[in-house]
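The values are calculated or read from the model by the stated rules, or taken from the named source; none is laboratory data. As the structure is a prediction and not an experimental result, all values here were calculated from the model. Virtual Cβ from ideal backbone geometry, glycine too; neighbours counted across all protein chains shown. These accessible areas exclude ligands, DNA and RNA; they are computed on the full protein's heavy atoms, side chains included. Shrake-Rupley method; radii C 1.70, N 1.55, O 1.52, S 1.80 Å.
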Amino acid sequence: MKLPVFALFLFSLFGYSQNSKTAIVLDNADNSPLEFVGIYNGKDHTMTNADGRFQFSSSSDSITVYRAGYDKLYTTFKKIKDTIFLNKSVLELNEVTVTNEKTLWQKVGDSVKSNYPIYPYKEIFLLRGVLRYNGEITRIQDIQGKLERRTLLYTNEIDPDKKDFKVELTNMRKVGLVKDENDVYFIFESFHSLFMNLIPVNATGDNFDLTESTFDNGKKININFQSKPTIENEDFSGHYIINTENYAMEQFKMSVVLKNKPFQESGKKIKFRTVSFDKEISLSKSSNTSKYYIASAKYDVKVELTDEEKSFTSFYDISFILTTSDNEGDFDVKKNVSTSKDLFKINHPYDQSYWNAQNQLLLTDEMLDFIKKVQDPSNEFQVRSNIKN
């Protein structure tokens, strides 16, 4: 029996129907919301915001929920709940050793070229920057675009260069106060400096104490590092997660506290210094290329501000979140923005339809309230924004 054309068309629609879910992810121990949790399958991915919320859409029914340091949750759109609880991974403490073992790092180093793209490639990225002044949001900027990298990691044969990144900006929304109450403009990172900061670094060697443990039935090694007093006025701590099957680094996290750092002059008798910074980088293996790419990354910086008379002390907290997709995609990257320019000074038209549909990184309730407040005509501060209501 020959089916009519319209029936075949309906079947094709049903075959490609999209599943969609909005939910929240919490820590099972204390019910706190978990930010930076990946929700993904073989086709699509998203991540939770600071409220722990996400929206995920996919034509595939399978869902994996994962954040480094927590057990992976495998589920489906049919089974997933509105509230998801994740359990922290149990380290196999009986296997903890204190080590500066170089053989493991030699294996990691020997596997770099087989695990990572040490060659030019392209990807789609979404970048969020949030600035807080004394705890209150003062800027929000979301940027979506195409990125061409010269390499993912730098080796002895590859030195960093100012032209290592090419960006085609395709969508942007930004809103924020230009200056604070002390008439100070906070300079955002550039694309180049931010991408360079979101690269794992080597925190091993004689200046660090290392502790090693395994989890996931021995498939993963967690290496904690802590700087020794030989590194003056700087305290480094963090960890690496190494896959024991291929010696790939799958996650890197580092916190740095800067002690007694001298202030720098910044005109108008203003002085500033960086107090601390944190970075967290998660890498995922592509089923298409068998290479690891930065799936998501977070970079936080705290800056202290004062004047010559020390009549006030203020703190800026800047947070950047990066997520990527379509790694080694087959598309052109037509550079249309400088990678050395202050991100908040970049101009690009606002596309309301894109941001209404965007679900890779939801705005939090606090962010929505801030956008509404600063766009109020009665707001007394100077606002820079490309959002049109």
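Within the listed set Pro349, Pro377, Pro229, the residue fluctuating most in the Gaussian network model of the chain (springs between alpha-carbon atoms under 10 angstrom) is Pro377. Remark on Ile84: its backbone amide H falls under 5 Å from those of Ile24, Val25, Leu26, a criterion applied only to residues 5 or more positions apart or on other chains, H modelled at 1.01 Å from N. Can you list the residues, at least 5 places off or on another chain, whose amide H is less than 5 Å from the amide H of Ala295, using H built in the peptide plane? Here the answer is Ser282, Leu283, Ser284, since their amide H atoms fall under 5 Å of that of Ala295. Rounded to the nearest percent, how much of the accessible area of the chain (1.4 Å probe, protein heavy atoms only) is carbon and sulfur? Percent of accessible area from carbon and sulfur atoms in the chain: 49. List the lysines whose Cα lies under 25 Å from the Cα of Lys166, skipping any in the same chain that are fewer than 8 positions away. Partners within reach: Lys113, Lys122, Lys146, Lys174, Lys279, Lys285, Lys291, Lys298, Lys334, Lys335, Lys341, Lys345. A Cβ-based charge dipole, computed about the Cα centre of the chain with Lys and Arg at +1 and Asp and Glu at -1, lands at about 1140 debye. Between Glu308 and Asn156, the simple spin-label model (points 7 angstrom out along Cα→Cβ) gives 5.1 nm.
Quick one: in the chain, what % of C-alpha pairs are over 33 Å apart? Value for the chain: 38 percent of Cα pairs lie more than 33 Å apart. Between Phe252, Phe315, Gln18, the Cα set farthest toward the positive side of the dipole of the chain (charges on each charged residue's Cβ, about the Cα centre) is that of Gln18. Scanning residues 5 or more positions from Asp307 or on other chains, those with amide H under 5 Å from its amide H are Lys271, Phe312, with H placed 1.01 Å from N in the peptide plane. Between Asp61 and Asp110, residue separation times 0.36 nm minus the direct Cα-Cα distance comes to 13.9 nm. What the phi angles of the stretch 331-336 give under the Karplus curve with 6.51, -1.76 and 1.60, with θ = phi - 60°, is a coupling list of 8, 8, 10, 9, 4, 9 Hz, glycine and proline written as x. For the stretch 286-389, the equivalent ellipsoid derived from the Cα gyration tensor has semi-axes of 32, 22, 16 Å, listed largest first. Coupling constants for the stretch 220-231 follow from the phi torsions by the Karplus curve (6.51 cos²θ - 1.76 cosθ + 1.60, θ = phi - 60°), and in residue order they are 10, 10, 9, 10, 8, 10, 9, 5, 8, x, 5, 8 Hz; glycine and proline get x. About its Cα centre, the dipole of the stretch 223-337 is roughly 240 debye, where the only charges are +1 on Lys and Arg Cβ and -1 on Asp and Glu Cβ. Take the Cα coordinates of the stretch 240-347, assign each an equal point scatterer, and use the Debye formula without solvent to give log10 I(q)/I(0) at q = 0.09, 0.18, 0.24 Å⁻¹. After summing over all Cα pairs, the log10 values are -0.41, -1.04, -1.29.
Derived scalar couplings between HN and Hα for the stretch 185-199 equal 9, 8, 7, 6, 5, 8, 4, 4, 5, 5, 4, 5, 5, 9, 10 Hz in order, rounded to whole Hz, by the Karplus curve 6.51 cos²θ - 1.76 cosθ + 1.60 (θ = phi - 60°), x for Gly and Pro. Each other residue within a Cβ distance under 12 Å of Leu363 adds +1 if Lys or Arg and -1 if Asp or Glu, for a net charge of -1.
In the stretch 204-292, taking the dipole from charged Cβ atoms about the Cα centre, the farthest positive-side position among Asn217, Ser266, Ser290 is held by Ser266.
Work out the length of the dipole vector of the stretch 21-163 about its Cα centre, built from +1 on the beta-carbon of each Lys and Arg and -1 on the beta-carbon of each Asp and Glu, and round it to the nearest 20 debye.
Charge dipole, the stretch 21-163, about its Cα centre: 480 debye, nearest 20.
Rolling a 1.4 Å probe across all protein chains gives Thr48 an accessible area of roughly 0 Å². Averaged per residue, the stretch 222-321 has 47 square angstrom of accessible surface, using a 1.4 angstrom probe with ligands and nucleic acids left out. By the helix-only formula, in which each DSSP H run with n ≥ 4 contributes -39500 (n - 2.57) and the sum is divided by residues, the chain has a 222 nm mean residue ellipticity of -3000 deg cm²/dmol.
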